[in-house]
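The values are calculated or read from the model by the stated rules, or taken from the named source; none is laboratory data. Here the structure is a predicted model, which is why all the values come from computation and not from measurement. Ideal geometry is used to build each Cβ from the backbone, glycine not excepted, and the neighbour counts take in all protein chains shown.
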Amino acid sequence: MSILENLVPLVAIVFTFGIPGLIIFWAIYTKHRERMRLIEKGVTPEDARKYFGEIEKRTRSPFSALKWGIIFLFLGAGILIANILSEVYSFGDGVTFGFVVFFIGLGYLIYYLVASKTLKSNPNSAVTSEKN
């Protein structure tokens, strides 16, 4: 075995545990640094919670689950049809990608039609500004 073959498991272990460990460390360190700066400025923890709590609250659209459900449904349908047609007609990868993108676009159009029809029939049923 060459030395490069011996390094592959070592590199895999380092990337598997090291990168997530660095991300977790960085998140903890950043939060600590932010708290220290708030303490230096004289902000009480109650004021900080109140301030950040108001920023993080946002209106959610009840259509969010509908949107992602339709998108994933059409994504799956696009992949399925592209795979079937590529087996039958021996299409290349570009045609498969085109089918997937086409079906995702079709899913967005259907979502738009369903959501706009629902909002027109009952304007008070949903929040009109979607932020997700």
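Pairs only if they're at least six apart or on different chains, beta carbon under 9 angstrom, first in the range 77-105 and under 25 Å from LEU66 (Cα atoms), second small (Gly, Ala, Ser) and surrounded by fewer than 15 Cβ atoms within 10 Å (Cβ to Cβ); list them, first residue then second.
Listed by first residue and then by second, the contacts come to ALA82/GLY98; PHE103/GLY76.
Which is at negative phi, free of Cβ contacts under 8 Å to residues at least 40 places away in the same chain and out of contact with any His (no Cβ under 7 Å at 6 or more places or on another chain), of LEU66, LEU73?
Only one candidate passes the filter, namely LEU73.
Checking the condition part of a loop (DSSP other than H, G, I, E, B), in the same structural domain as THR118 (by TED's automatic domain parsing) and surrounded by 12 or more Cβ atoms within 10 Å (Cβ to Cβ), which residue from PHE72, PHE91 passes?
Going through PHE72, PHE91 in turn, the sole match is PHE91.
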